[in-house]
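Enquirer: Provided herewith is a single structure, encoded as structure tokens, for subsequent inquiry.
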Amino acid sequence: YVRPNGRYGAPVVDVTSTDLRCNYPYGWAYGVATVQAGSTVGFRLDHFIDEHGVLNVYMSRAPGKVADYDGSGGWFKIYEITANTRNGVWSFPTDNARNVTFPLPKSIPSAEYLLRIEHISLQKASTLYGARIYLACAQIAVIGGGTAVPATVLIPGVYKQNDPGILIDINQPAVRVIWIQKADSSRIVVSRLACRVSTARTGRYLVARPSLDFACGGELTVIDEWDRQSDSLSSKNRKSVRNSAFTTAIDLLWMAFRNDFRGVVGPSPEDITKFFDNILSGDEFLEISSADELVKWLQTSDPAIINEALDLMVMRGVVKRFVQFFRSENPNLQDKAEIVFGFLACGDTRHATIAYNSGILVDCIARLSSPDLSIRTKNAWILGNLAADETECAESLLSQGVLDIMVGQLASMTSSNEIETYIQYSNMLLWAINHFLKSAPELSSPLVIRIQELLCTIIAMNVEDCLLEECCYGLATIVQIESSGGSPFLDNKLSGRLIRLVQRGSNVSLQRASLQLVGALVAKSDQFTSLLLRNDILSTLNELIEHPLGEDVCWIISNIVTESVEHLNAIVYHPQILPTIIRLLKVDASGFDEDEFGGRTRECCAILANIVNKGQVDSIRHTVSLGGLSALCTALRFCAESDTLVMILDALWKLIFFGESDLIVMNDSLVNMYLKLFETSGGFEGLERLRNRKDRTVADAAQQMLQLIDDLIKSTSMDEDMEQHDEAQPPTDEQVGNGLGSNIGDKSHSEGVT
């Protein structure tokens, strides 16, 4: 039913192109799906969504047969998944989504339609034509419809290239655009008119108007103050404040106050109390209706206010009422109670303890055997969250056989090839089992080995990525806690399968999970590392160094380097890995200040430091010849993290000291080229910068290194050479590499540097 994509998966970037309708060329689908108005339909994507963005669904009524329709008529939106902007921070619910379902309007006329889904990737939307729109169209025939005539837009025409939702920088603090409710119940959208800064506990708000350049650091002018409790505006003197004062700590919402309407206030924890009276009324009809509304409120509200809302439920006796609902014979009340206790279990420790001591555990465990898989799933969610909260909870649940039940059910579904048939429950079981592995310290070795064998069996199967992801995380934990953990990966076939999962570029979440497992195996023993190297793991890691997963990759490489000389040389003499790592360190200062690359920078420094610490002469020479010493000097000048700076200082000092036993002849004198290269690469400037740091650990280490270098120069009588260094050409990385070891005599090393 879905029309072929003539663009071969490429996104649309020009919103004025007719490709925006249904891609180009609009090849016809083979059939037309008949669907009931008001029913739920959906799309299954080719792979998980791995770019931040928003999702919209449109429909367009065909004038006749949809198979002959090119989409040039009117379109109306029926569904959307927008971005979240809590506390000024962007988050995107569509991340990692693969199946998207939504209801068709009940009131649209019976006819044939194009059903169009689009995902607007905003990762590069800060420049014109940077937003990438991925889309597809299906051919459907709606039956049992109504008589509504929805307002429509044209595609192209629905967007402009500079619309706020198309041209937007999601690296800037997020500001939520909200609806404004007028007295006559009509709605308008307000953007860049005003915003409120909430002091939610008092109910007072500052009403402020941003300057046009607000997103780029402009000013907010406070124009009034609104007292939420009295619904009135009070006069207030104008004053200006920089936007950073707001965006660092306070959630910004656009609001406006004009004539006959006022801005809609953002949700607060107290909003949940409007359901309490009916829930406590004893009237089953009111109980069901309000419990349903309360659950919807919990599921859709800002996570930042959920814990306070749960506190109100506890204090007002509503949680006790939900305990009764949990044991009720009414399946609707049971369902809502299970969801509420799921929220309690995944709240903070106070709420998890309340759920644990509420008396529902016996029923919760029994429902793991319910014939209704949705009931099983909700109760596994509760138990998994409780296991994750505290070791005491995990041990208690373990003693009641919860983990044995979960493992047994998962094993049964796996052996009968039903794991994907019941994928939601299977995935929840894997998730819960992982929490037990992390939280229960006294798991028996036979049980852990049984879980390991089961997870390895699933990994070897052709199942959904979400299941493979949970298996990788579980196995990574087992490798760390069990002496024989990881042994199945000594098999070439299974280790090859793991490497292919790392290569699964369509799913970053699965790649991250599989990298965690690879890292755990590498840290476990040389035997696992050797097998992974024989399966060419380095080619895969090399492709991901500059990927968003680069920090994880570099952490693995750093561990490989520390294990043995053989493994170290595999990294040092790989044609691409070490040059790439050194190049990434040789960036300008901004590269070290960005949170996005801070972790990778630290791990790159660790790789070079580990090569130096291993003390192999040839590998050190080769690393320096590629620019390793210069890269460390660059990091010394611009890196901000204290632990990383101490590691860099230690590695640089060892390199300079190593140079004393690897002198070369320059201008008829023996010269420590490592020290020369340190000087010409800005090493001394870096040391001077660090001497003034408030962090005394780093400052003292820098001062100590300066003193050691000074003592070294004096003890080797190099003062004259240092005074004349301006007359000689500065050494290059290649010069050091080519000249190392020449004319040294008995000062050369054969084993290593200490």
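The values are calculated or read from the model by the stated rules, or taken from the named source; none is laboratory data. Worth saying up front: this structure is predicted, and the values here are computed from it rather than measured. Reconstructed Cβ throughout: ideal geometry from the backbone, glycine too, with neighbour counts over all protein chains shown. Just the protein is used for accessible areas: all its heavy atoms, side chains included, with ligands, DNA and RNA removed. Shrake-Rupley method; radii C 1.70, N 1.55, O 1.52, S 1.80 Å.
Enquirer: Amide H of N84: which non-local residues (sequence gap of 5 or more, or other chain) have their own amide H closer than 5 Å, using H built in the peptide plane?
Expert: Amide H to amide H, under 5 Å and 5 or more residues apart or across chains, N84 pairs with S91, F92.
Enquirer: Could you check how much of the accessible area of the stretch 276-344 is carbon and sulfur, as a whole percent, using a 1.4 Å probe? Walk me through the numbers before you get to the answer.
Expert: On the way: 1550 of 3190 Å².
Answer for the stretch 276-344: carbon and sulfur cover 49 percent of the accessible area.
Enquirer: For R534 and S444, FRET efficiency with R0 = 41 Å and r from the beta-carbon atoms, rounded to 0.05?
Expert: Working: r = 33 Å, r/R0 = 0.81.
Calculated transfer efficiency: 0.75.
Enquirer: Residue by residue, what Karplus-based ³J(HN,Hα) values in Hz, rounded to whole numbers, does the stretch 568-573 have, using 6.51, -1.76 and 1.60 with θ = phi - 60° and x for Gly and Pro?
Expert: Once rounded to whole Hz, the list reads 4, 5, 4, 7, 4, 9.
Enquirer: Something else now. Count the net charge of all other residues whose Cβ sits under 13 Å from the Cβ of L494, scoring Lys and Arg as +1 and Asp and Glu as -1.
Expert: Taking every Cβ under 13 Å from that of L494, the sum is +1.
Enquirer: Then there's this: Quick one: if the Förster radius is 45 Å, what FRET efficiency do E270 and E453 give, using the C-beta to C-beta distance and rounding to 0.05?
Expert: Numbers: r = 51 Å, r/R0 = 1.13.
About 0.30, to the nearest 0.05.
Enquirer: Taking θ = phi - 60°, what integer Hz values does the Karplus form 6.51 cos²θ - 1.76 cosθ + 1.60 yield along the stretch 368-378, in sequence order, with x for Gly and Pro?
Expert: 5, 9, 5, x, 8, 5, 5, 5, 4, 5, 5
Enquirer: With each pseudo-label sitting 7 Å past Cα toward Cβ, what's the S107-Q424 distance in nm, one decimal?
Expert: 2.9
Enquirer: Right, something else. I'd like to know how the stretch 653-722 sits against the 2.2 N^0.38 Å rule of thumb: what's its Cα Rg over that expected value? It would help to have the intermediate numbers written out before the result.
Expert: Values: Rg = 13.0 Å, N = 70, 2.2 N^0.38 = 11.1 Å.
Output field value: 1.17.
Enquirer: Let me ask something additional. Report the FRET efficiency, 1/(1 + (r/R0)^6), for Q172 and D650, where r is their Cβ-Cβ distance and R0 is 56 Å, rounded to 0.05.
Expert: Details: r = 38 Å, r/R0 = 0.68.
Between Q172 and D650 the formula returns 0.90.
Enquirer: On a 1.4 Å probe surface of the protein chains, which of R600, R327 comes out largest in accessible area, and what is the full order?
Expert: Result of the area sort, largest leading: R327, R600.
Enquirer: Taking the Cβ of L312 as the center, what net charge do the other residues with Cβ under 12 Å away carry, scoring Lys and Arg +1 and Asp and Glu -1? Write out the running numbers ahead of the final one.
Expert: On the way: positive: K274, R316; negative: E270, D271, E308, D311.
Taking every other residue near L312 into account, the sum is -2.
Enquirer: Net charge around T349, counting only other residues with Cβ within less than 12 Å of its Cβ (Lys, Arg = +1; Asp, Glu = -1)? Before the final figure, lay out the partial values.
Expert: Numbers: positive: R350; negative: D348, D389, E390, E392.
Overall, the nearby charge balance is -3.
Enquirer: Right, something else. Pull out the extension gain between S642 and N307, defined as 0.36 nm times the separation in residues minus the alpha carbon to alpha carbon distance; nm, one decimal.
Expert: Details: separation 335, 0.36 × 335 = 120.60 nm, distance 3.49 nm.
Taking S642 through N307 to full extension adds about 117.1 nm, to one decimal.
Enquirer: Cross-link partners among lysines for K524, C-alpha distance below 22 Å, same-chain residues fewer than 8 apart left out?
Expert: Answer for K524, where 22 Å is the Cα cut-off: K438, K493, K614, listed by chain and number.
Enquirer: Multiplying the sequence separation of T391 and T147 by 0.36 nm and subtracting their Cα-Cα distance, what value in nm do you get? Intermediate values should be presented prior to the final figure.
Expert: Details: separation 244, 0.36 × 244 = 87.84 nm, distance 5.87 nm.
That pair, T391 and T147, stretches by 82.0 nm at full extension.
Enquirer: Right, another one. Where the eigenvalues come from the Cα gyration tensor of the stretch 601-643, what are the semi-axes √(5λ) of the equivalent ellipsoid, largest first, in whole Å? Don't skip to the answer; put the middle values down first.
Expert: Details: eigenvalues 76, 27, 9 Å².
Sorted largest first and rounded, they come to 19, 12, 7 Å.
Enquirer: Given labels modelled 7 Å from the Cα in the Cβ direction, how far is it in nm from L45 to T16?
Expert: 2.9
Enquirer: Just how much of T680 is accessible, in Å², when a 1.4 Å probe is used and the result is rounded to the nearest 10?
Expert: 70
Enquirer: Compare the peptides 656-667, 701-712 by average per-residue count of other Cβ atoms within 10 angstrom and give them in order, highest first. Kindly include the intermediate steps, with their values, before the conclusion.
Expert: Numbers: 656-667: 18.8, 701-712: 15.5.
Packing order, densest peptide first, comes out as 656-667, 701-712.
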